[in-house]
Amino acid sequence: MTTEKPEEAMTFGELLALIAEQQRRLTVLENAFASLTFCLDDRASQLLVHNLSLEAQNQNHDAQLQQHFTRLAEEIQRRNGQVPPAEQA
């Protein structure tokens, strides 16, 4: 949004609607991705969770992105009937 082209500026309501739509689309993509893991054998699923866990520890990512990697790895483990490491104790 720039002040040089006010005809292209979004209203606050339009911005909120755009954000809400993007959140819905992202939710669909996350669910689709997590569901695709049912097509993987156990070894491939474990490797995917391991790689996501490594990304969650990657210091090049900010804390929020690391947390998203962690949540996705945990969701995949949950859907595959595996217990995430934090819940084994």
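The values are calculated or read from the model by the stated rules, or taken from the named source; none is laboratory data. What you see is a predicted model, and the numbers here were worked out from it, not measured in a lab. Positions of Cβ are generated from backbone atoms using ideal geometry, with glycine treated the same way; all protein chains shown enter the neighbour counts. Remember, those area values only see protein heavy atoms, side chains included, never the ligands or the DNA or RNA. Shrake-Rupley method; radii C 1.70, N 1.55, O 1.52, S 1.80 Å.
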Please list, ordered by chain and number, the residues whose modelled amide H lies under 5 Å from the amide H of Q82; skip anything fewer than 5 residues away on the same chain. none
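Pulled fully out, how much extra length does the chain show between A32 and N51, if you take 0.36 nm times their separation in residues and subtract their Cα-Cα distance?
Details: separation 19, 0.36 × 19 = 6.84 nm, distance 1.83 nm.
5.0 nm is the gain from fully extending A32 to N51.
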I want to check the label-to-label distance for T11 and R79. Put each point 7 Å from Cα in the C-beta direction and report it in nm to one decimal. 3.8 nm
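In whole percent, and with a 1.4 Å probe on the protein chains, what portion of the accessible area of the chain is carbon and sulfur? Spell out each step's value before the answer.
Values: 4030 of 7180 Å².
Whole-percent figure for carbon plus sulfur exposure: 56.
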Given Cα positions, please report Rg to Rh for the chain, the hydrodynamic radius being the Kirkwood one. 1.17
D41 versus Q64, label points 7 Å from Cα toward the beta carbon: distance in nm? 4.0 nm
May I ask you to derive the relative contact order of the chain, considering only C-alpha pairs under 8 Å and at least 6 residues apart, and to give it as an integer percent? 21 percent
Can you tell me what the convex hull of the Cα atoms of the range 3-49 projects to on average, as an area in nm²? 5.1 nm²
